[in-house]
Structures are given as structure tokens and as C-alpha cells.
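Notes to accompany the following structure.
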Amino acid sequence: MAERKKRKRQGVKKTSTSKKVLLTLLGILLAIVLVVVGVGAKMYHDVKNTADDTYESVKRKSGTEARQVKLSEQEPFSILLLGVDTGALGRTEQGRSDTMMVATVNPSNDESLLVSLPRDTYTEIVGHNTQDKMNHAYAFGGAAMSMDTVEKLLDIPINHYITINMQGIESLVDAVGGIEVNNPFEFTFDGTTFPKGRQDLDGNLALKYSRMRHEDPNGDYGRQERQRQIITGIAKKVLSTQGLTNYQSILTTMGENVKTDLSFDDMRTLMGDYRGAFGHIKSDQMKGEGFMQDGVSYQRIDPTELKRVQDELKNQLK
């Protein structure tokens, strides 16, 4: 028991950023639910309406029954988190998934796992009969094809999804009144120079800050870290008194830019029965090696690395 408590304390210390990532993508909406319960009927009604607006079911190719989980019975589940570029920088097409993460949540051991996936992973796009970058699945077939593709790659059931488009990130930052980030090195992107150190960003600057990768010594992995900074900054504001004051603007932005197959009742169940699992979140990064094919860069996942991640996720889902 003492060893388990020690492990939990260490895990929380090491993964506070990942915890805020998950609590935001489930979280900006769920946190508001938690804050407003018992505060006022109108606010509660507004949150429920937004949750209803964000709800969007998906049609999967096959195996639907095997993916069913009973949240009311506190069964472990997985969720695919997608940050998509629809609407970003003036785009109007479907877009691709710039950010891809899989979270597994297990309330029986009060533990969750958050795994970041390289978006350029070369893999089979399920339902499209091609080998391509994993993030192209969203462009070809939306959340459903992304879920099917990640499910086959990782060899686990993907039960739910949440998407937020990059235009939504920009609007969310503005809705919370801006955020603070700590930039590890100076760089210039799209005509804007971001100095090293702490700085305040509005929505437009936050979007630029989150998109640069070519000047980053860690490439797309470095960009993923900056995206986590943005999400963490939003989470802090949402959970603050200021977030409560601006809840109408936040809810409007959520309703316009977030989609999930989690219903309002599902969210309430998660906040009530799964809260302990959200309090202890481990993070991981699946890593690949870059290669070129037909003039296009991809990430190849070594079989040993893939099995390591698969086994880790399967262990969480029991």
C-alpha cells in the first residue's frame, strides 16, 4: 500500500501537464460542469445545451458491440483526442488531425494513461485501402476513420472521441482573455517573433505559437509540447474565477468548435465516478523514425516501440 501511494505521488508530480491536457479536451467542458453544479439553474442549463451541441455520434465500419462500455458500471474505456486544422488559417475543407492522442481511463485502479501519437505515422488508413500518414484518416473519413485507423494500429478498442479544431483553439484563448506560456527558445513564425521566456498570447498568437515545427530541434514533438502549453493555459483560465465569469463566451466557442460522442449524461458520470482516475494520469509518447518516400516525409514506428505502447494501453484497459 505504501509503495502504491509513493508511486501515485511520483506519477502526479511527473505528469501534471498531461493531466491538464486530458482535463481540457475532456475538460474545458467537464470542468465547467463541475464548477456550475449547484451554482445556478440557468448556468447548468447553458452547460447542458452546449454539451448537446457538441454531441455527434459516429458510424464505425464494424465491431460496434465489442467497443461498447458501460460507464455507469465504471468500466475502463479509451478515447481518441484529435486537434484538427479545420478552420485554421482560413481553411474551409475537412482538414487533418494536427494532434492525436489516445487516453485510457481505468477507475478500478484510479489511473489513466495519455499517449501522444506522431501524426505522420505511416500506417494503413482503415476504410480507405491506402498506406498514408495517420493524420490523413481524418481528412478521408472524419473521426470515424481516425478511430478505426488508430484502433487497428494500436490493437485496442477505441470507445470514444473528442475533436477540437484549431480555429477553436484561437477562439478559446480569446474567450478566456489570453494565456501565458513559457517559450523555451526564440523563434519567428508567420511574421511574428516569439522571444524566449514567459509571455502573454492572444488567440491569433497562440495559434501561430502552436503551429511552428520546422525551426524546432525536436520537430513535431516540440510542436506537440507547445500545443500542450496552449491547452494547459486555457485550462488554468477556465478553472479560474475569470473562467466562471466568461463562461458564456467559453460555452459558445465550445459549441462551435468541439465535437464528441460523449453525451451530457456520460460527462456527468465521468466527473462523478471517474474523477479518481483523472487525478493520477501517466503520460507517454510513441516515437518513430523519419523517412522519405516519393518526396514525402513520414514517421516509421519500430515494431518493438509499437508493441511497447500497445501492451501499456492494453494493461490499462485490462
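What tally of residues in segment 104-148 results from selecting those that are assigned to a loop (DSSP other than H, G, I, E, B) and either of a type in the set (Val, Ile, Thr) or within 17 Å of the chain's Cα centre (by Cα) (or both)?
Going residue by residue through segment 104-148, those that are assigned to a loop (DSSP other than H, G, I, E, B) are 107-110, 118-120, 126-129, 134-135.
From what's left, either of a type in the set (Val, Ile, Thr) or within 17 Å of the chain's Cα centre (by Cα) (or both): 118-120, 126, 134-135.
Looking only at that region, the number is 6.
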Exercise. Of the residues in segment 149-181, how many are out of contact with any helix residue (DSSP H, G or I) (no Cβ under 7 Å at 6 or more places or on another chain) and either in a helix (DSSP H, G or I) or surrounded by fewer than 21 Cβ atoms within 10 Å (Cβ to Cβ) (or both)?
Worked result: 5
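Each row is one residue, and each column tells you yes or no for (1) surrounded by fewer than 17 Cβ atoms within 10 Å (Cβ to Cβ); (2) modelled with pLDDT under 85; (3) of a type in the set (Asp, Glu); (4) at positive phi.
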| position | (1), (2), (3), (4) |
| --- | --- |
| 215 | yes, yes, yes, no |
| 219 | yes, yes, no, yes |
| 231 | no, yes, no, no |
| 252 | yes, yes, no, no |
| 258 | no, no, no, no |
| 263 | yes, no, no, no |
| 272 | yes, yes, no, no |
| 278 | no, yes, no, no |
Problem set entry | Those strands (runs of 3 or more DSSP E) lying entirely in segment 193-301 with at least 1 residues among the charged types (D, E, K, R) and over 30 Å from residue 110 (Cα atoms) | 197-201, 289-293, 296-300
Seminar exercise, completed: When restricted to 239, 205, the only residue within 25 Å of residue 80 (Cβ to Cβ) and either modelled with pLDDT under 85 or surrounded by 15 or more Cβ atoms within 10 Å (Cβ to Cβ) (or both) is 239
For this session: Kindly provide the set of residues from segment 45-83 that are modelled with pLDDT under 80, loosely packed, with under 15 Cβ neighbours inside 10 Å and either in a helix (DSSP H, G or I) or in contact with a Pro (Cβ under 9 Å, 6 or more places away or on another chain) (or both), ordered by number.
Result: 45, 63, 64, 65, 66
For this session: Tell me which residues, restricted to segment 220-234, are within 21 Å of residue 288 (Cβ to Cβ) and touching a residue at least 24 places away in the same chain (Cβ under 8 Å).
Result: 220, 221, 224, 226, 227, 228
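Select from segment 137-156 the residues that are more than 30 Å from residue 318 (Cβ to Cβ) and either at pLDDT 95 or above or touching a Lys or Arg at 6+ places or on another chain (Cβ under 6 Å) (or both) and list them in ascending order.
139
The values are calculated or read from the model by the stated rules, or taken from the named source; none is laboratory data. Keep in mind that this is a model prediction, so the values were computed, not measured. Virtual Cβ from ideal backbone geometry, glycine too; neighbours counted across all protein chains shown.
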